Amino acid sequence: MPEVLVPAPMIDVPVMAKLRKIRTLTAREKLFDVELSGGLALNHKPGQFVIVSVFGSGEAPISVSSPPNPGSPSFQLCVRDAGSLTHHLHTLSEGSPIGIRGPFGNGFPVEDLEGNDILFIAGGLGLAPLRSLIRHALERRSRFGEITILFGARNPAERLFREELEEYAKDKTIRFLETVDVGDDAWTGRIGVITTLLKGLEVRPRNTVAAVCGPPVMYKFVVLELLSRGFLEGRIYMSLERRMCCGMGKCGQCQINGVYVCKNGPVFRYLDAKRLPEAL
């Protein structure tokens, strides 16, 4: 994929922004509503990411979780408390300032997906970046064929966006299935890894595009299942966010065989991603 060029001034220097609203999703994840200052608009595409600066802790890449809203200065980030910067971010209150650079990277080719059935496969925190595309497709329902959403979490307590999951389950215009690896006393849903949701699922591989995001161990087994069902390698898209740092291909931390995940991705077709064994 060609690299995406982001116009100045949001590449090199962070733009000031504030946290308009903070919502707790799980014990480890929070959803941050962010608003850029100065009337600037992010104008991101589903699957792209931003570099978040938390003053005193540095910066880190985080995927945008909300659908595109052209011209709007507001967007959402779902962040797991998993390191010094993200922990600092979790301690901030509404109204706190942060810095934003971006958006960066290649997102999902939305125009190419229109007219197709879409199969979303999200594992754990992988629902956060996929949510941007899911909400985009649902807001433009007539442009897509059948929409199927599969979601897997390690346990019921780690289910993200629970109110939206309930909406998906009630929506007769989409198919929604979810599972957890380990249940609890209150859980009455499916138990098993996410690939169990693919067993017996009726799909039209030649008319369907799969969008996949989740933990590294998930990709291999999901892709094998999709290929066995007749999916073409070029119709499986995956978000590979690991090891990204600067967002501009300068630091080299995400470089694999001459490919920079932050610039050439993070969204890849499996046809291309399979040449990056360290990424899968």
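Every number here is computed from the coordinates shown, using simple stated rules; none is lab data. These numbers come from a predicted model, not from an experiment. For neighbour counting, all protein chains shown are included, and Cβ atoms are generated from backbone atoms with ideal geometry for every residue, glycine included.
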| Rounded to whole Hz, the Karplus (6.51, -1.76, 1.60) HN-Hα couplings of the stretch 42-55, x for glycine and proline | 6, 6, 7, 10, x, x, 7, 9, 10, 9, 9, 9, 10, 4
| task | Label the stretch 86-232 by shape, choosing from rounded, prolate and oblate, from the square roots a ≥ b ≥ c of the eigenvalues of the Cα gyration tensor; if a/c is under 1.5 it is rounded, and otherwise prolate applies when a/b is larger than b/c, oblate when it is not. | result | oblate
| Which loop chymotrypsin sites (Phe, Trp or Tyr not before Pro) in the stretch 23-98, with loop taken from DSSP, have no more than 13 other Cβ atoms within 10 angstrom of their Cβ? | Phe55
| field | Sorted by Cβ density within 10 Å, fewest first, the residues Val182, Val193, Val64 | value | Val182, Val193, Val64
| Which of the residue pairs Lys21/Lys220; Lys45/Lys220; Lys30/Lys199; Lys172/Lys199; Lys220/Lys263 have a Cα-Cα distance greater than 29 Å in the structure shown? | Lys21/Lys220; Lys30/Lys199
| task | Alpha carbons only, please: Rg and Dmax for the stretch 15-104, in angstrom. | result | 11.8, 33
| 5 angstrom amide H check on Val209, placed H, neighbours 5+ away | Asp117, Ile118, Leu119
| field | Lys, Arg +1 and Asp, Glu -1 on Cβ, resulting dipole of the stretch 15-104 about Cα centre, debye, nearest 20 | value | 100 debye
| query | For the stretch 133-144, what does the Karplus curve 6.51 cos²θ - 1.76 cosθ + 1.60, with θ = phi - 60°, yield as ³J(HN,Hα) per residue in whole Hz, taken in order and with x for Gly and Pro? | reply | 6, 4, 5, 4, 5, 5, 6, 10, 3, 5, 8, 10
| note | The answer for Ala153, listing residues at least 5 apart or on another chain whose modeled amide H is closer than 5 Å to its amide H, is Gly124, Thr179, Val180, Asp181
| task | With only Lys, Arg, Asp and Glu charged, each at its Cβ (+1 for the first two, -1 for the last two), find how big the charge dipole of the chain is about the Cα centre; round to the nearest 20 debye. | result | 300 debye
| task | Counting helices only, and only those DSSP H runs with n ≥ 4, report the 222 nm mean residue ellipticity of the chain as the sum of -39,500 (n - 2.57) divided by its residues, in deg cm²/dmol to the nearest 500. | result | -5000 deg cm²/dmol
| query | What translational D, rounded to a whole number of µm²/s, comes out for the chain from Stokes-Einstein when the hydrodynamic radius is the Kirkwood one over Cα pairs, at 20 °C and 1.002 mPa s? | reply | 112 µm²/s
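Relative contact order, percent, of the stretch 15-104 when contacts are C-alpha pairs under 8 Å separated by at least 6 residues?
39 percent
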| What is the Cα centroid distance between the stretch 184-232 and the stretch 58-122, reported in whole angstrom? | 24 Å
| message | Could you give each residue of the stretch 163-168 its phi-based ³J(HN,Hα) in whole Hz, using Karplus coefficients 6.51, -1.76, 1.60 with θ = phi - 60°, and x for Gly or Pro? | response | 5, 6, 4, 5, 5, 4
| query | Ranked by Cβ crowding within 10 angstrom, fewest neighbours first, how are Ser74, Ser228 ordered? | reply | Ser228, Ser74
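If packing is taken as the mean number of other Cβ atoms within 10 Å per residue, what is the order of 135-148, 102-115, highest first?
By packing density, highest mean first, the sequence is 102-115, 135-148.
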| query | If each residue's Cβ is checked for other Cβ atoms within 10 Å, how do Ser72, Ser53 rank with the fewest at the top? | reply | Ser72, Ser53
